[in-house]
């Protein structure tokens, strides 16, 4: 749900949701999920919180955790794109460019759109320092 | 920026409704600012108009385009809305500080950078902006302290390294 709120530009709502997830995890609330499921959800929530609050070193570390626990190619690609976003926001353009080159070539559909969007973010960061 | 953002918009537009909903967040702010930077004002305005009224970064984009046009009042109006939508999110406070610095209201700009830093204490950008203003004021020691704080979070940021180096030279 929080992913959708961030995707729709409702950052405050997304942030409050991921904070609730992290808080419930720290309180030891029973989510009914397996241990690995909890690890994945917590890692994703931490990544989203870090991104919202500009904690890009934290986001980079969270992306590595998400990558470690990701199941399936789509999840792994998503974690890699998050790593690239974090590097762009850290203004580490060399590392971001190198990481972007490791993504599969843009073909069609949503995967291609995401690569173009990342390329635009990288270009914007290089040209106008924007994020 | 424009080429890549237009490509992303084109691809997303061919996808399902759920992806089209995400365009105003992932692509439109970049595209609008890109157009404004190269003087394509009508295109920038059209893209901004297509961003729904509840998108946080949409107001940031409106503000940044307004600043490019030296329309500070419109920029502040947009940032008031961004902060209303996302009071805990630091990005709009940084934009607001940049707007005020551009306008020449340095004291108010520093307060906004401090606000951004309070909400995003690990974000290098407000610290660099803060350092830049202090350096311009000739407060080199304070500026270097801000740059050093920022470098802890973004050690590979070239412009930050260069700003620190230039300020350190001023000091000696």
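The values are calculated or read from the model by the stated rules, or taken from the named source; none is laboratory data. Owing to the predicted nature of the structure, the values given are computational and were not obtained by experimental measurement. All Cβ positions, even for glycine, are placed from backbone atoms using ideal geometry, and neighbour counts span all protein chains on display.
Could you tell me which residue of region B:15-39 is farthest from residue A:10 (Cα to Cα), considering only residues that are at pLDDT below 70 and facing chain A (nearest Cβ under 7 Å)?
Ranking the candidates gives B:15 first.
What about residue A:63, is it more than 10 Å from chain B (Cβ to nearest Cβ), crowded, with 19+ Cβ neighbours inside 10 Å and closer than 18 Å to residue A:18 by Cα?
Spelling it out, residue A:63 is indeed more than 10 Å from chain B (Cβ to nearest Cβ), crowded, with 19+ Cβ neighbours inside 10 Å and closer than 18 Å to residue A:18 by Cα.
Search region B:56-79 for residues that are within 14 Å of chain A (Cβ to nearest Cβ) and pair each with any residue that is outside any helix (DSSP H, G or I) when their beta-carbon atoms are under 6 Å apart and the residues are at least 6 apart or on different chains.
Qualifying pairs under 6 Å: B:56/A:9; B:56/B:86; B:57/A:9; B:58/B:51.
Taking the condition of being away from every other protein chain (no Cβ under 14 Å) and either within 21 Å of residue A:54 (Cβ to Cβ) or not in a helix (DSSP H, G or I) (or both), how many residues in region B:149-172 meet it?
1
When only residues in region B:131-148 that are free of Cβ contacts under 8 Å to residues at least 24 places away in the same chain and within 25 Å of residue A:58 (Cα to Cα) count, which is nearest to the other protein chains (Cβ to nearest Cβ)?
Result: B:147.
Which number in (1) over 24 Å from residue B:118 (Cβ atoms); (2) crowded, with 22+ Cβ neighbours inside 10 Å; (3) at pLDDT 95 or above; (4) more than 13 Å from the chain's Cα centre (by Cα) marks the one condition that residue B:65 misses?
Among (1) over 24 Å from residue B:118 (Cβ atoms); (2) crowded, with 22+ Cβ neighbours inside 10 Å; (3) at pLDDT 95 or above; (4) more than 13 Å from the chain's Cα centre (by Cα), residue B:65 violates only (4).
Of the numbered conditions (1) surrounded by fewer than 16 Cβ atoms within 10 Å (Cβ to Cβ); (2) touching a helix residue (DSSP H, G or I) at 6+ places or on another chain (Cβ under 7 Å); (3) modelled with pLDDT under 95, residue B:46 fails exactly one; give the number of that condition.
Here residue B:46 clears every test but (2).
Which condition from (1) more than 8 Å from chain A (Cβ to nearest Cβ); (2) within 18 Å of the chain's Cα centre (by Cα); (3) under 24 Å from residue A:127 (Cα atoms) is the one that residue B:118 breaks?
All conditions are met except number (3).
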